[in-house]
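Q: Just passing along the structure, written as C-alpha cells.
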Amino acid sequence: MNENESLTVTLTLDNDEELECSVLTIFETDGQQYIALLPLNDKGENEDGQIYLYRLIDNGEDEEPGLENILDDEEFERVSDAFNEWMDEQDFGEIDLDDME
C-alpha cells in the first residue's frame, strides 16, 4: 500500500448488504480501542459525511480484528467526544482538495 492509498474495511450490514468504508483512525479511550469509519459509495466517495464508530476487538495475531456496535449511550458519548478531539487535533486546513484524485 502506498502512502496515498487509504485503508478500507467492508462491513456486512444486517440486510447482508456490503458497505465499503475508509478507516479514518483507530483510537483508544478508557483503555478500549475504537475505530472511525467513513462509508463510501460505488465511486469510492462519501456522500453525506456520516461517520461510523465501532469498538475494535483484538482477536490475536492470527485473526482479523472484530468490530462491535456501541450500544451503551454513555460509552458512545465518551467515544464521540474522543473522536471529536482527534478531529480537532488534525490540521485539515493545509489539504488541497483539488490535488486529490
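Q: Consider only pairs whose beta carbons are under 6 Å apart and that are at least six residues apart or on different chains; among these, list those whose first residue lies in segment 43-59 and is β-branched (Val, Ile, Thr) and whose second residue is surrounded by 15 or more Cβ atoms within 10 Å (Cβ to Cβ).
A: That search, which allows pairs on different chains as well, returns Ile51/Ala36; Ile51/Leu38.
Q: Anything in segment 52-91 that is open to solvent by less than 80 Å² (accessible area, probe 1.4 Å) and among the basic types (Lys, Arg)? List them, or say none.
A: Result: Arg55, single match.
Q: Next up: Would you pick out the residues in segment 61-78 that are assigned to a strand (DSSP E or B) and in contact (Cβ under 8 Å) with a residue 40 or more places away in the chain? Steps first, answer last, please.
A: First, the residues of segment 61-78 that are assigned to a strand (DSSP E or B): 66-68.
Selection gives Leu67 alone.
Q: I'm trying to understand the selection: among the residues of segment 1-51, which are surrounded by 13 or more Cβ atoms within 10 Å (Cβ to Cβ), in contact with an Asp or Glu (Cβ under 8 Å, 6 or more places away or on another chain) and not in a strand (DSSP E or B)?
A: Leu40 - this is the single residue of segment 1-51 that is surrounded by 13 or more Cβ atoms within 10 Å (Cβ to Cβ), in contact with an Asp or Glu (Cβ under 8 Å, 6 or more places away or on another chain) and not in a strand (DSSP E or B).
The values are calculated or read from the model by the stated rules, or taken from the named source; none is laboratory data. Bear in mind the structure is a predicted one, so any value in this text is a computation, not a measurement. Note that we place each Cβ from the backbone using ideal geometry, even for glycine, and neighbour counts take in every protein chain shown. Each accessible area value is taken on the protein alone, full model and side chains, heavy atoms only, with ligands, DNA and RNA left out. Shrake-Rupley method; radii C 1.70, N 1.55, O 1.52, S 1.80 Å.
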